[in-house]
Each structure stands twice: as structure tokens, then as C-alpha cells.
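Trainee: After the C-alpha cells below, expect a handful of questions from me.
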Amino acid sequence: MRRSESGFTLVEVLVAVVVLGIGITALVGSSAMVTRMVGRGQMETRAAQLASKRLETLRRVANSTSPRCTSGTFANGGPLTSQGVTESWQLSGTTPRTVTVTVSYKTVRGTHTDVLTTQIWC
């Protein structure tokens with residue numbers, strides 16, 4: 001009599017379980033890293049949006065008066081904290097005026113700071 005040789009042996013099943021376990025562990029580790037990266041990206045985007053909004057506000061205020069750049073609100077300012085981001089801005093020079101907006105926010109590794117600089121012609 002001949003025995004049927006269909007199916008899996010116990011060793012094959014154990015090897016498959018070990019390989020599957022290693023794969024699942026790698027996926028869990030990478031998903032945690034992706035979650036951290038998404039959170040960091042959201043904070044970087046928020047900081048960039050606030051800095052850009054501040055630059056546009058200063059540009060609008062500079063253009064709102066005649067002669068330009070004579071508004072009382074067209075001046076240095078900050079620090080202001082909004083949505084976990086601290087921003088401050090400095091104006092320097094005469095024509096063109098250099099505007100520097102500094103935004104900072106906390107990360108796992110400490111505080112991260114970004115600087116945006118532009119010029120406004122007065």
C-alpha cells in the first residue's frame with residue numbers, strides 16, 4: 001500500500017509561521033515609524049502655513065497705506081503661540097524692507113526652528 005503524500009508536514013507549518021511572524025513584526029515597526037513621520041509632517045506644514053500667513057499679512061499691511069510701509073502695525077512682533085507653533089517677525093532695512101519670520105515647534109528631539117525671509121518694497 002502506498003500512503004498519500006498530500007498536505008504539509010509539521011516542520012513546513014512551523015517555518016511558515018516563523019516567516020509570517022517576522023513579516024508582521026516588520027510591518028508593525030514600520031507603521032509606527034510612518035505614524036511619527038505623518039505627525040511631524042503635519043506640524044511642519046502648520047508652521048509653514050503660519051509663517052506664510054504672517055508674511056502675507058505684513059505685505060498687505062505695508063501696501064495698505066500711502067506712502068507704503070507707514071502703518072503702525074507694520075513693525076516687529078511676537079512671540080505669538082498658535083496651534084503649538086511659536087512665531088516672531090523682524091523688519092530691517094529701508095528699501096527694500098527685509099522681513100524675517102521665525103517659527104518654532106517642539107519635536108521628540110527638541111525644538112525645531114524654521115526661518116522664512118522675504119523683501120517688501122516700500
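The values are calculated or read from the model by the stated rules, or taken from the named source; none is laboratory data. Worth saying up front: this structure is predicted, and the values here are computed from it rather than measured. Note: ideal-geometry Cβ built from the backbone for every residue, glycine included; neighbour counts use all protein chains shown.
Trainee: Is it the case, given these coordinates, that Ala75 is surrounded by fewer than 14 Cβ atoms within 10 Å (Cβ to Cβ), modelled with pLDDT under 95, assigned to a loop (DSSP other than H, G, I, E, B) and not hydroxyl-bearing (Ser, Thr, Tyr)?
Mentor: For Ala75, the condition - surrounded by fewer than 14 Cβ atoms within 10 Å (Cβ to Cβ), modelled with pLDDT under 95, assigned to a loop (DSSP other than H, G, I, E, B) and not hydroxyl-bearing (Ser, Thr, Tyr) - is met.
Trainee: If we scan region 17-36, do we find a residue that is under 30 Å from Gly110 (Cα atoms), of a type in the set (Lys, Arg) and free of Cβ contacts under 8 Å to residues at least 12 places away in the same chain?
Mentor: no
Trainee: Among the listed residues Thr81, Thr95, Thr118, identify the single one that is farther than 12 Å from Glu44 by Cα, surrounded by fewer than 16 Cβ atoms within 10 Å (Cβ to Cβ) and in contact with a Leu (Cβ under 7 Å, 6 or more places away or on another chain).
Mentor: From the options Thr81, Thr95, Thr118, the qualifying one is Thr118.
Trainee: Still on this model: Quick check on my filter: what residues within region 98-115 are out of contact with any helix residue (DSSP H, G or I) (no Cβ under 7 Å at 6 or more places or on another chain) and either closer than 27 Å to Gly41 by Cβ or not hydroxyl-bearing (Ser, Thr, Tyr) (or both)?
Mentor: Those that are out of contact with any helix residue (DSSP H, G or I) (no Cβ under 7 Å at 6 or more places or on another chain) and either closer than 27 Å to Gly41 by Cβ or not hydroxyl-bearing (Ser, Thr, Tyr) (or both): Thr100, Thr102, Ser104, Lys106, Val108, Arg109, Gly110, Thr111, His112, Thr113, Val115.
Trainee: Could you say whether any residue in region 82-104 is among the acidic types (Asp, Glu) and in contact (Cβ under 8 Å) with a residue 12 or more places away in the chain? Working first, answer last.
Mentor: Narrowing region 82-104 to residues among the acidic types (Asp, Glu): 87.
From the residues that got through so far, the ones that are in contact (Cβ under 8 Å) with a residue 12 or more places away in the chain too are 87.
Yes: region 82-104 contains one or more residues that are among the acidic types (Asp, Glu) and in contact (Cβ under 8 Å) with a residue 12 or more places away in the chain.
Trainee: Moving on. So which of Arg68, Arg40, Arg54 is touching a residue at least 24 places away in the same chain (Cβ under 8 Å), in a loop (DSSP other than H, G, I, E, B) and not polar (S, T, N, Q)?
Mentor: Answer to the check: Arg68.
Trainee: Could I ask something else about it? Go through region 78-122 and report how many residues are at pLDDT 95 or above and among the basic types (Lys, Arg).
Mentor: 0
Trainee: Pick from Met43, Met33: which is at pLDDT 90 or above and farther than 12 Å from Ile120 by Cβ?
Mentor: Met43
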